Amino acid sequence: MQTSELQQTNQEAKGKDSGRRVFSGIQPSGDVQLGNYLGAIKGWVERQAEKTNFFCIVDLHALTVGQDPEELRQQTRSLAAMLFAAGLNPDKCTVFIQSHVPAHAEACWLLNCVTPIGWLERMTQYKDKSANQERVSAGLLDYPVLMAGDILLYDTHEVPVGEDQRQHVELTRDIAARFNHLYGETFVIPEAVIAEVGARVMGLNDPNMKMSKSFSHVRGHAVRILDDPKEIERSFKRAVTDSGNEIRFSDDPEKAGVNNLLGIYKVITAKGNAEVEADFADARGYGDLKVRVAEVVINELTPIRQRYMEFMDDVGELDRMLARGAEQAAAVSVPKVDEIKSRMGLVLP
Ligand code: AQP
């Protein structure tokens, strides 16, 4: 696409809203699970036409923990196919791979130089992820700075994320404010947008731990988007609940399992709490609850799985869609990274 066309696309996008920009990312770090879908992807699809949206497959972030190169390549394409299959439309939003736009790695370095190490060492995700590793990479510590660069390069106003990423968006705000203070107004200070429902889907085997891609190989932990209906049914049947029989929303940690199942049902059916509870008024125990939740999940995911297969059958077209996304992303982020460099005193070529 020519620059003039890109500018036109951006202007059109601005026309449909007051120019508010949205940025969000997802790592190709394993099998995409129901939490990623309900906490992030579903909302991206529903709101893609409202503002100027940038959705990024953050492959550089995936490198912060060990990855098999061939698997990473496969997972990256697979994730792209899944995002398009879920309904992201390249005519309405920009979908691209982070490493296709070198401005992201550059911004990370530049922002590293204004970020105190202490800010990074207190990140909960860093503490959790580093606790289980023999050797911790510098990249894992630096993960939130790369994320800050991703967001700030697009003059982003809103960052839709799950609850687990709230702290990283707070850090991004701190980094942006510090940079603006040191070098003059450069960055928009972004806000995390956290959906009330779907924000935290918990593991089916342990409702006190969030569902995660990197644990999707653990039996009974996650529902993967590409699981077939039988597998999904089995996962829900195995879900941990409690020894009672009351099907209602509750803050009681004892009932975290039932709460999680109801939360999944609620976000998919878009019903209110009372309506959801009423749907289960005639249920005969948790067995019934599990079967009915599995049913709505299967109905939601089946068409996505089918479209996914079609995208994976035409990798050439998939790559072309991603190249178009990278071009659109670069049209915004390359001038921005030049502005950052210039502010910091680098001589532009
Ligand atoms: N369990 C979850 N409930 C709600 N939202 C979730 N997200 C992740 N898990 C849940 C949201 O999915 C988006 C993409 O996440 P990511 O891939 O960038 O990283 P993550 O948050 O670390 O996701 P995972 O699945 O736990 O991946 P791994 O295991 O690789 O670390 C984000 O918006 C996230 O909030």
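The values are calculated or read from the model by the stated rules, or taken from the named source; none is laboratory data. What you see is a predicted model, and the numbers here were worked out from it, not measured in a lab. Please note: Cβ atoms are built from the backbone with ideal geometry, for glycine as well, and neighbour counts cover all protein chains shown. With ligands, DNA and RNA removed, areas are computed over all heavy atoms of the protein, side chains included. Shrake-Rupley method; radii C 1.70, N 1.55, O 1.52, S 1.80 Å.
See the values below:
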{"read-out": "Solvent exposure, largest accessible area first (probe 1.4 Å, DNA, RNA and ligands not counted), of ILE189, ILE194", "value": "ILE189, ILE194"}
{"read-out": "Solvent-accessible ranking of HIS168, HIS181, largest area first, probe 1.4 Å", "value": "HIS181, HIS168"}
{"read-out": "Calculated log₁₀ intensity ratio I(q)/I(0) where the Debye formula runs over C-alpha points of the stretch 213-311, q = 0.17, 0.18, 0.20 Å⁻¹", "value": "-0.78, -0.87, -1.04"}
{"read-out": "Globularity ratio of the chain, using Cα Rg and 2.2 N^0.38 Å", "value": "1.03"}
{"read-out": "Reachable aspartates and glutamates from LYS336, criterion Cα separation under 16 angstrom, eight or more residues apart if same chain", "value": "GLU106, ASP150, ASP155, GLU185, GLU327"}
{"read-out": "Percent carbon-and-sulfur accessible area, the stretch 213-311, ignoring ligands, DNA and RNA, probe 1.4 Å", "value": "48"}
{"read-out": "Pairs of lysines in the stretch 213-311 (C-alpha under 17 Å apart; 8 or more residues apart or interchain)", "value": "6"}
{"read-out": "Probe 1.4 Å, protein heavy atoms only - accessible area per residue of the chain in square angstrom", "value": "47"}
{"read-out": "Nearest-20 debye value, the stretch 264-349 charge dipole, Cβ charges on Lys, Arg, Asp, Glu", "value": "360"}
{"read-out": "Approximate spin-label separation PHE215-GLU317, in nm, with each point projected 7 Å along Cα-to-Cβ", "value": "3.8"}
{"read-out": "Charge dipole magnitude, Cβ of K and R +1, D and E -1 - the chain, Cα centre, debye nearest 20", "value": "200"}
{"read-out": "The stretch 111-199: trypsin sites (Lys or Arg not before Pro) in DSSP loop, at most 13 other beta carbons within 10 Å", "value": "ARG122, ARG135"}
{"read-out": "Choice from SER243, SER216, SER235 showing the highest fluctuation, given a GNM over the chain with Cα pairs closer than 10 Å", "value": "SER243"}
{"read-out": "Among beta bridges that DSSP assigns inside the chain, antiparallel share in %, nearest 5", "value": "10"}
{"read-out": "Virtual spin-label span in nm between ASP282 and ARG307, 7 Å along Cα→Cβ", "value": "3.3"}
{"read-out": "Restricting the stretch 182-271 to GluC sites (Glu not before Pro) in coil, as DSSP defines it, with at most 16 other Cβ within 10 Å", "value": "GLU185, GLU196, GLU246"}
{"read-out": "Assigned charges on the beta-carbon of Lys, Arg, Asp, Glu; the stretch 213-311 dipole about Cα centre (debye)", "value": "420"}
{"read-out": "Farthest positive-ward along the chain dipole, Cα basis, beta-carbon charges - from LEU318, SER214, TYR183", "value": "TYR183"}
{"read-out": "Value of relative contact order over the stretch 213-311, rounded to a whole percent, pairs C-alpha under 8 Å and six or more apart", "value": "30"}
{"read-out": "Unit charges at the beta carbon, dipole of the chain: most positive-side option, PRO349, GLY285, MET123", "value": "MET123"}
{"read-out": "Accessible heavy-atom area order of TRP119, TRP44, highest first, probe of 1.4 Å", "value": "TRP119, TRP44"}
{"read-out": "Inter-label distance, nm, simple model (7 Å from Cα along the C-beta direction), ARG166/ARG73", "value": "4.1"}
